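Everything on this sheet refers to the single structure shown next.
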2 protein chains.
Amino acid sequence: MLDGKPVFMVKLIVMSSAASNQSSNNASGAGSGVAITASPTFSPLYQQIKALITQSLQSGEWKPGELIPSEVELASRFKVSQGTVRKAIDELSAENLVVRRQGKGTFVATHHEERAHYRFLRLMPDEGEAKQPDNRVVEVKRMRAPAEVARLLDMKSGDSVIFIRRVQSFDGVPTILDELWLPGALFRGLTVERLVEYKGPMYGLFETEFGTRMIRATERVRAVLAEPQVGELLDVQPGTPLLSVERVSFTYGDKPVEVRRGLYRTDTHHYHNELS
Amino acid sequence: MLDGKPVFMVKLIVMSSAASNQSSNNASGAGSGVAITASPTFSPLYQQIKALITQSLQSGEWKPGELIPSEVELASRFKVSQGTVRKAIDELSAENLVVRRQGKGTFVATHHEERAHYRFLRLMPDEGEAKQPDNRVVEVKRMRAPAEVARLLDMKSGDSVIFIRRVQSFDGVPTILDELWLPGALFRGLTVERLVEYKGPMYGLFETEFGTRMIRATERVRAVLAEPQVGELLDVQPGTPLLSVERVSFTYGDKPVEVRRGLYRTDTHHYHNELS
DNA sequence: TAGTGGTCTAGACCACGCT
DNA sequence: GCGTGGTCTAGACCACTAG
């Protein structure tokens, strides 16, 4: 593997009589292969394989929804055992980067699936099943990044961002007011028309049309009072208590690519969370 | 394993020439051992091992903080390979029921550790490191379960519950007002004195003094306005927006054992969440 | 030095989905 | 029937901890 280009550790394809094996103090727990480290930071083989697979995901070699090579093929490609590849994919699967389907193969995760639609939407109805909201895009414009947004997006203040404001309704009741800031360079060509035309989750649009896949996010939730302008959009009195949800979303390499501020009505819905 | 007492599947210790192996249509993927099922519900061996270990945790055979038998010993006890035990413990570890420590062994998880203290407290300061709050117990009393509480605790309405009200402060600022309802039968003898005396997290007290370990919880978060009585306890004006966090905590076997309603000030703190 | 969990391998069979 | 992921085993060596 690695064609002799060490990252942290070089795995030598030596099956026996390892002459240069100076019983390293920092080796992997390999069985048949022998491994030594080039630096004090130890990294198991399966983590290196995981990193290599992640690179292929990030580079677009395997696109969302597509089938990736089977475990046996990856094992032979990387010159490791299937078990090692398996452990790497286990972690990728746990991180929702990849989805395994018994009998079919392993697929790159995509936001175009039922199961993904509610992964980032924690607002649930108090009674009954979760439903897909209706979207109404209020505004899309290009602007200069406010200082706070620029800081969160790891950009310079004043850099170009795309700003979106939209309202989501459940059963005709406006419930979520979202404001989004996206790096202008990544989302060039995003217009109100394309947003409105597109059916399905917005992250699906970002993934398919702009090649940016949201992987994880952090949220900060607060209680606030509805301002008059907000009250109009959400059809509530000014002073109504609302949840303020500040989200920062990340793509591969922990790169922030979205700042979102949502205001949620919680009279018939609640923000659901599992602690474990 | 199981001494011939089948749960879902019987693992026969037959190493070769399995005469009675009628090529079952629903067997485990065993290598050397042969396995057949007694019912149509298939359960992998490691899941059965996991269930057995969980039983020992639940029964108190191994108490919180204690070392459990090593993987090799469990493997020999259950007559399976170490790899199978390992996979079972992997899952228990992922569920925070157990903590692995390389070179030392596997320990029963406990709320008496640094790492556990913040597992169920999602309120974080906007700036700086998380700190342990100061507790002030306002009230402890025995009462009859309100209908809603009884429903959530899987009890009959009117059954005895213990009610606790307390205020938690950060840097002297009252920030959290908690109201708790606990099943009276499980927490008999819980008094305001014992709560006040006890240093450390409340779940640690529950675990040590009452033998009930909280494993997971669900929360429903809403935005509400401070009532006058609440405003006094949290030192805010009536009408101040607060987070309302309704928690139901579960112990082994998904049994609900706590209903908690927290009101959080979010002027200098926020409810933190990771989406992945 | 002994014992524990952590990594890695090789090989076997099973459940599943498709052709 | 074949290929995929899922389970299980046996054995090896490594990293870490403690006596």
Per-region count, segment B:66-91, residues within 14 Å of DNA strand D (Cβ to nearest atom) and under 27 Å from B:F210 (Cα atoms): 3
Qualifying residue in segment B:93-103 (condition: more than 19 Å from B:I215 (Cβ to Cβ), within 14 Å of chain A (Cβ to nearest Cβ) and at pLDDT 95 or above): yes
Sole exception among (1) closer than 30 Å to B:L186 by Cα; (2) within 12 Å of chain A (Cβ to nearest Cβ) for B:D267, by number: (1)
Residue in segment A:206-218 that is buried (at least 18 other Cβ atoms within 10 Å of the Cβ), part of a strand (DSSP E or B) and within 12 Å of chain B (Cβ to nearest Cβ) present: yes
Flag for B:V167 being touching a helix residue (DSSP H, G or I) at 6+ places or on another chain (Cβ under 6 Å), at pLDDT 95 or above and away from chain A (no Cβ under 14 Å): yes
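Every residue in segment B:219-257 that is in a strand (DSSP E or B) and more than 12 Å from every other protein chain (Cβ to nearest Cβ), please.
Initial filter on segment B:219-257 (in a strand (DSSP E or B)): B:219-225, B:241-251, B:255-257.
Result: B:T251, B:K255, B:P256, B:V257.
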Verdict on B:E274 being in contact with a strand residue (DSSP E or B) (Cβ under 6 Å, 6 or more places away or on another chain), without any contact (Cβ under 8 Å) to a residue 12 or more places away in the chain and within 14 Å of chain A (Cβ to nearest Cβ): yes
Per-region count, segment A:183-197, residues touching a helix residue (DSSP H, G or I) at 6+ places or on another chain (Cβ under 8 Å) and crowded, with 18+ Cβ neighbours inside 10 Å: 4
Close pairs from segment B:196-215: first within 17 Å of B:W62 (Cβ to Cβ), partner part of a helix (DSSP H, G or I), Cβ under 6 Å, at least 6 apart: B:T212/B:F206; B:R213/B:E207
Any chance B:A185 is touching a Ser or Thr at 6+ places or on another chain (Cβ under 6 Å) and not aromatic (F, W, Y): no
Residues of segment A:144-171 that turn out to be within 20 Å of A:L263 (Cβ to Cβ) and among the polar types (S, T, N, Q), as a count: 2
Number of the condition not met by B:L190 [criteria: (1) within 16 Å of B:E258 (Cβ to Cβ); (2) assigned to a loop (DSSP other than H, G, I, E, B); (3) under 19 Å from the mean Cα position of the chain (by Cα)]: (3)
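The values are calculated or read from the model by the stated rules, or taken from the named source; none is laboratory data. Bear in mind that the values here come from a model prediction, so they are computed numbers and not experimental data. Every residue, glycine as well, gets a Cβ built from its backbone with ideal geometry; the counts of neighbours run over all protein chains shown.
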